[in-house]
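All remarks here apply to the structure that follows.
Where a number appears in this text, it was derived from the coordinates with a stated rule and is not lab data. Note that this is a predicted model, so its numbers are computed, not measured. FYI the Cβ positions are ideal-geometry reconstructions off the backbone, even for glycines, and counts take in every protein chain you see.
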Amino acid sequence: MTISRRNFLIGTGTAALVAPGIAGMARGRDMVEFGSQREPSLWSSEITALPSQPQYQGNRSVDLAVVGGGFTGLACAYYAKRLRPDWSVVVLDSHKLGSGASSRNSGAVAPRYVGIDDPDMPHRGLKRLQSFIETEQVDCEFLPATNLRVLPTKSEGDQARVSLLPGESWIAPEELRDRAGTSYYAGGAVEDAKNYKVHPAKLVEGHIKAALRMGVELYEDSPVLDIKSAKPALLSTPGGEMVAKNVCIATNAYTPRLGFLNYKMFPLHQYTFATRKLRATEVQKLGLDRWDIRFEDVMLPVTFRLMPTGHFFVRMVLGYASHNSCDWQDVEGAKRLAMRLFEQRYPDIADIGLVHGWHGVTGHTPLLQPIAGPIGDGNIHVSVAYNGLGIMPGHNNGYLTACNIVGHADQDLRYLTGDKGLMPFPGDFYRSLMLKPFMSLMTPV
Ligand SMILES: Cc1cc2nc3c(=O)[nH]c(=O)nc-3n(C[C@H](O)[C@H](O)[C@H](O)COP(=O)(O)OP(=O)(O)OC[C@H]3O[C@@H](n4cnc5c(N)ncnc54)[C@H](O)[C@@H]3O)c2cc1C
């Protein structure tokens, strides 16, 4: 079978789900977005910029082409080259390497895979990431973390209180008021000591350096515009074509624009806004020296975090943009929302101002399962849709995908089932109709 980005969509029945008359319009706009600069996150601004990598030019053949250079793609390339040093392995990114979600997240790392029930598998994934950080001596402030799951209503608090897991403890609303600087959470909070935190941009840097040391070729500003799935596959870029025996698609939220899995996943937009550096007295007053990561357990989750450099930020979900676009226009609207969140939760610092803001996109599926495994002819592999929790799963899935491609055994390869069994999701007309109002209603203010 030969599939291209277009007939892959049609061949899976998506056409029936796309609203009549809209399909052509959506198709016209449904292209890879490239050529624009992505403003760096505050995390990335804090580290010395890495030397740029070249743009891909020419026509050549490789053993493995990885599309997308975030945690997933860089880890896949690194492990593939480690397992098969004789292979030519390249990573092509449409922008700067790591400039997608990997350098824009909140840096909370949990032994958790959204959508996978096996309790041990996430721990194996976490060990893999820890071992990578140690082996490659990545200085990324990877540390144990005690998180707070803060609960806005009393009934959520009552429920959480009777279902505490090992390692969790209960914090009453009064204690939160006195020791965490907020009286917003009528349900109190659950303190969870089993987690980790990381500096995302430093972890990206570690992945890039490790991949280079391993002998992976890295290309930036080299968008893959089309993938023709055949054996070998053919990748088109503005600088030329690439014939690849194997392909790993690691483009997460950007995947539908590449023309793959449009019928199974969708991008969601997020914004993060950070304050100036807090003074030591402010940190203490807000209890951030004890609880520096706080999650609001609501339909569209909100995260607060104190960065190691002293900036305090709020991250919130904004919504869906038509045609699976990964650009978001209304930055001022996002900032107003962030201000309201601060005013409600932390009125004592509401006038502090939000000095740094950055946008990001996450890849989602309706029932929160990740998508990883071969699709099409079997030589095209994907690993996407982490549903907002992909630092460790991205790295570990990169490893598993590499094992699958080079033929290296691992007990967790059984989780690489591709997109089988995943619920189809309607085309742009209906997803705009459903997701946009849903997001507005669920916005937690
Ligand atoms: C605001 C925010 C907060 C988050 N917080 C957390 C958190 O606290 N903990 C957690 O575990 N996870 C968190 N996440 C999710 C996590 O960041 C992602 O799951 C993870 O980074 C996914 O890595 P990735 O490599 O799969 O995708 P990405 O990092 O998005 O990489 C995809 C890459 O593909 C490239 N690309 C796209 N299209 C093309 C193309 N056509 N050709 C070539 N290259 C292309 C992009 O430029 C990008 O570099 C958060 C995400 C966001 C946005």
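Some notes on this structure:
- MRE, 222 nm, helices only [DSSP H, n ≥ 4, -39500 (n - 2.57), over the chain, to nearest 500]: -9000 deg cm²/dmol
- For residue 356, distant residues with modelled amide H under 5 Å away: 274
- Computed over the range 118-162, the range of Cα coordinates on each principal axis works out to 46, 26, 11 Å, biggest value leading.
- Scanning the chain for trypsin sites (Lys or Arg not before Pro) in DSSP loops with at most 11 neighbouring Cβ atoms within 10 Å leaves 1-278 as the longest stretch between them.
- Karplus-derived HN-Hα couplings along the range 420-434 (A = 6.51, B = -1.76, C = 1.60, θ = phi - 60°), whole Hz, x at Gly and Pro: 5, x, 7, 5, x, 10, x, x, 4, 4, 6, 5, 5, 4, 8
- Measuring against 25 Å, Cα to Cα, the residue pairs 202/420; 96/194; 154/197; 197/285 contain 202/420; 96/194; 154/197 as the ones spanning a longer distance.
- Among 289, 93, 63: highest mean-square fluctuation, GNM of the chain, C-alpha pairs under 10 Å: 289
- For the chain, a Gaussian network of Cα nodes joined below 10 Å ranks 166, 122, 40 by mean-square fluctuation, and the top entry is 166.
- Eligible aspartates and glutamates near residue 209 by straight Cα distance, threshold 15 Å, same-chain separation 8 or greater: 134, 136, 139, 217, 220
- Compared with the dominant principal axis of the Cα atoms in the chain, helix 121-135 is inclined by about 80°.
- Computed magnitude of the charge dipole of the chain (debye, nearest 20; Cβ of K, R +1, Cβ of D, E -1): 460 debye
- Cubic angstrom per residue, convex hull over Cα atoms of the range 260-405: 128 Å³
- The string of couplings for the range 66-82 from the Karplus curve (6.51, -1.76, 1.60, θ = phi - 60°) is 9, 9, x, x, x, 4, 5, x, 5, 5, 4, 5, 4, 6, 4, 5, 5 Hz, one whole number per residue in order, with x for Gly and Pro.
- Stokes-Einstein translational diffusion, the range 348-411 - Kirkwood Rh over all Cα pairs, 0.692 mPa s, 37 °C, in µm²/s: 229 µm²/s
- 3J(HN,Hα) from dihedral phi, the range 234-243, Karplus parametrisation 6.51/-1.76/1.60, rounded to Hz, x for glycine, proline: 10, 10, 9, 10, x, x, x, 9, 9, 9
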